[in-house]
Amino acid sequence: MCGIAGFVGPVPGDLSATVLLKRMIDAIGHRGPDEQGIHIDPGVGLAHARLSIIDLSSGQQPMANEDGSIWVTFNGEIFNYVELAERLRATGHRFRTHSDTEVIVHSYEQNQEQCVDDFNGDFAFAIWDSRRRRLVLARDRMGVRPVYYMQIGQTFAFASEVKALAAIPGVDLEIDPIALDQTFTFWSPIAPRTIFRGVSELPPGHMLTYQDGRIAVRRYWSLQYPKRGDAKPISESVAAEELHDLLVDATRLRLRADVPVGAYLSGGLDSSVTTALIRNYTKSHLRTFSVTFESSEFDESEYQQELVRALGTEHSSVLCTRDDIGRLLPQVIRHAERPILRTAPAPLMLLSQHVRENGFKVVMTGEGADEILAGYDIFKEAKIRRFWAGSPGSPMRPRLLRKLYPYLVGLQGQPQPYLEAFFRAGLDDPGNPFFSHLPRWRMTSRLKQLFSDDVRDAISDYNALEDLSGQLPAEFGQWGPLSQAQYLETSLLLPGYILSSQGDRMAMAHAVEGRFPFLDHRVVEYANMLPARLKLRGLREKHILRVAMSRHLPETIANRPKQPYRSPDAESFFGKAQPEYVREMLSEDAIRQTGLFDVPAVAKLVEKCEAGRASGFRDNMALVGVLSAQLLHMSMVGKAAQGARQVAHAAG
Amino acid sequence: MAESIEPAIRQFIAQNFMYREGIQSLRDNQSLLEQGLIDSTGVLELVFYLEKTFAITVGDDEVIPENLDSVQQISSYLRRKLTPASQVRVA
């Protein structure tokens, strides 16, 4: 796993191409500390920072074909490279290395842009096709690996992280108010938009070509669901068997590495499944890692230990305290490069550090199962609300709301009429495409009250929900309710937050690569075609996964209800060990300087948090949202940020 | 005491449930739920405040929007609670 960067066109400023590429790749050097490489052709530069995992001795990049006409710089893995290389050899391609990178080169020679259709992997790569003078960028189907791009005058530039683009002379990052509005609605901007004006993200499952100064983006893969009532007719036992076999194969492919592969173990069902699969289908010695918390509200050590005993793994954990979260947030934001509304990425940064300190570069992890097999409570919530909408006057139906979010103390303590009032959002409009997500999005949108007048003016009458509505696939309306909700969760929150802010960025901060068997596209496509009743049976989430995996797991784990991964929020920043930056970033001066938020509104929020009166989702999300946006602005926008970047650069 | 109920309630709501809108913009009959001012845990804070400030006990069955969803409703509810039972009977 690695970092990539490059450009096509004249070198901006008065730098040489070498110096520019070096600056860009140094900015994301944390992604690939093992080696660096560059390739320069007239008007083109590719750079690579390498984390060596496959073919340690000869997998250096950028890498070319035999005659040097095609060059690639690649971040990620093509897990089925062994099979693809065999196929390509059979058609006459000669390989010089044993790396998956070379498979991209030859696949492209063979099939040009269509080569991605054959790749099973997590990837972001750039190919320079010198004969056609064409640059091709591609990103994996689910959005595991990132790639950003922008146009600077006559120059097109791309990189794994925005900080590499910010290293280009003449690039001054600015916050995009519309992206801020989207973040304070959906938790992230809608790709290709990013929080920085003028910087785009290549959306998951997309390719981009840049030729003759023109950018063309096309989708090569998309999430598909059956039409309503048209799901695969299949028995539970057959579906469980097929899903099981697919997961075994997805895991087997993801164990391919020339370095040892470890596993994250949260104690929940999903990481238990991935860990059990490794344990049962490979002979490798298994090393597992987890994060623990002080408060029982968040901690899952008991379940982690149970699984460690059952599977006989060698396990270690790292304790994440509130003070750790407070201390780590600035670093988290420098890596996430976007505002966040929850602190949950911070413990994962601590965990990746722990993994790295223990000598591991690769970990298997369970993300994606909740999206593709309906694990999240939002799916149950939508089901109950839809049932309630069928008879809105019923006193009994909304009582089912009590079955939701059993782990949220605040919500559970709520009187029934108020619980109903909250979940009533959108109840009168069950045909609304966003029916499942309206309570969440409406709640999050309340945070926009904190925006400054300038931001409000810039946003004007923009409506994020209308915007998203216009971007839904044409088939969306024909899908069943669970499919619609799953699509929203899998296309927005998964790449926009889970796999990026909580995933790639936190792992790569310490040069650790995450691998996700549930996000093998064959698993995703299979799960999407299953009938809703096999995923959410009654209110039992991920039903089919429990059936498929019960043979490998202790009963308590297989039947354990979903406990989402969460961490302490506002309290992390107002304890005795309050980090200095908190006061500084939330000061009147700093709020005025960034211009993002309303001074008295933030003062009020801070006062409330200081007095220990922060309560509910709203205050907690508001605080983390404001603080992270302030940190982002100060570290990446404007002159202050350039100074900070230079200092960071000088300090190595 | 009775006369100062509304301003006190308004003050509490402005301080605890509003980030930005001025207290002036809050109308006495405005629904706190519909405005999104009271979120999932806000009502418990409100109940806690009422019990502490006005030395009353809010019964579980009284925690309903009819009693607590606007400045007006909260004030009326409080007045009923604060009025001795004998006077209620006379009235």
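General remarks:
- Binning the C-alpha pair distances of the stretch A:393-522 at 5 Å intervals from 0 yields a P(r) profile of 2, 7, 12, 15, 16, 17, 15, 10, 4, 1, 0 %, listed from the shortest bin outward.
- 10 Å-binned pair-distance histogram of the stretch A:2-219 (Cα, whole percent): 9, 36, 38, 15, 3, 0
- Trypsin sites (Lys or Arg not before Pro) restricted to DSSP loop in the stretch A:98-159 with at most 16 other C-beta within 10 Å: A:ARG131, A:ARG132, A:ARG133
- With 30 Å² as the minimum drop in accessible area between chain alone and full protein complex (1.4 Å probe), the qualifying residues in the stretch B:42-64 are B:VAL43, B:LEU44, B:GLU45, B:VAL63.
- For the protein assembly as shown, the Cβ-based charge dipole about the Cα centre amounts to some 860 debye (Lys, Arg positive; Asp, Glu negative; other atoms uncharged).
- Cβ-derived FRET efficiency at R0 45 Å, A:SER16 paired with A:GLU555, nearest 0.05: 0.10
- Centroid-to-centroid, using Cα positions, the stretch A:525-579 and the stretch A:307-383 are 14 Å apart.
- Distance between the stretch A:401-474 and the stretch A:285-305 - C-alpha centres, whole angstrom: 32
- A:ARG566-A:GLU610 FRET efficiency (beta carbon distance; Förster radius 25 Å; 0.05 resolution): 0.65
- For the pair the stretch A:475-524 and the stretch A:165-208, the centres of their Cα atoms are 18 angstrom apart.
- Sites matching GluC sites (Glu not before Pro) across the stretch A:325-372 that sit in DSSP coil, with at most 16 neighbouring C-beta atoms within 10 Å: none
- The mean of 1/r over all distinct Cα pairs in chain A, once inverted, gives the Kirkwood hydrodynamic radius of 25.4 Å.
- Estimated distance in nm for a label pair at A:ASP117 and A:ARG402, the labels positioned 7 Å out from Cα along Cα-to-Cβ: 5.5
- Our estimate of slack between A:LEU472 and A:ARG533, defined as 0.36 nm per intervening residue step minus the Cα-Cα distance, is 19.5 nm.
- Sparse-neighbour loop sites [trypsin sites (Lys or Arg not before Pro); the stretch A:279-342; at most 10 other C-beta within 10 Å; DSSP]: A:LYS283
- In the context of the full set of protein chains, the stretch A:424-558 has a per residue accessible area of 33 Å² (1.4 Å probe).
- In this label model, A:ARG197 and A:ILE234 are separated by 4.8 nm, measuring between points 7 Å along each Cα→Cβ vector.
- Dipole axis of chain A (+1 Lys, Arg; -1 Asp, Glu on Cβ), positive-most option in A:LEU404, A:LEU253, A:SER57: A:LEU404
- Only one residue of A:VAL44, A:ASN559, A:PRO433 has its Cα farthest out toward the positive end of the dipole of chain A, where Lys and Arg carry +1 and Asp and Glu -1 on Cβ, and that residue is A:ASN559.
- Note on the stretch A:287-345: Cα-only Rg and Dmax are 14.0, 39 Å.
- A:ASP172, A:ASP14, A:ASP299, reordered so the largest accessible area comes first (probe 1.4 Å): A:ASP14, A:ASP172, A:ASP299
- Chains B and A together, accessible area buried on both sides, 1.4 angstrom probe, square angstrom: 2300
- Translational D in µm²/s for the stretch A:217-264 (Stokes-Einstein at 37 °C, 0.692 mPa s, Kirkwood Rh from C-alpha pairs): 228
- Taking the 1.4 Å solvent-accessible surface of chain A as the whole, the part contributed by carbon and sulfur is 50%.
- Length gained when the stretch A:ASP461-A:TYR281 is fully extended (0.36 nm per residue, less Cα-Cα span): 59.3 nm
The values are calculated or read from the model by the stated rules, or taken from the named source; none is laboratory data. The structure displayed is predicted, hence computed values, not measured ones. So basically every Cβ, Gly included, is an ideal-geometry build from the backbone, and we count neighbours across all protein chains shown. Calculation scope for accessible area: heavy atoms of the full protein, side chains included, ligands and nucleic acids excluded. Shrake-Rupley method; radii C 1.70, N 1.55, O 1.52, S 1.80 Å.
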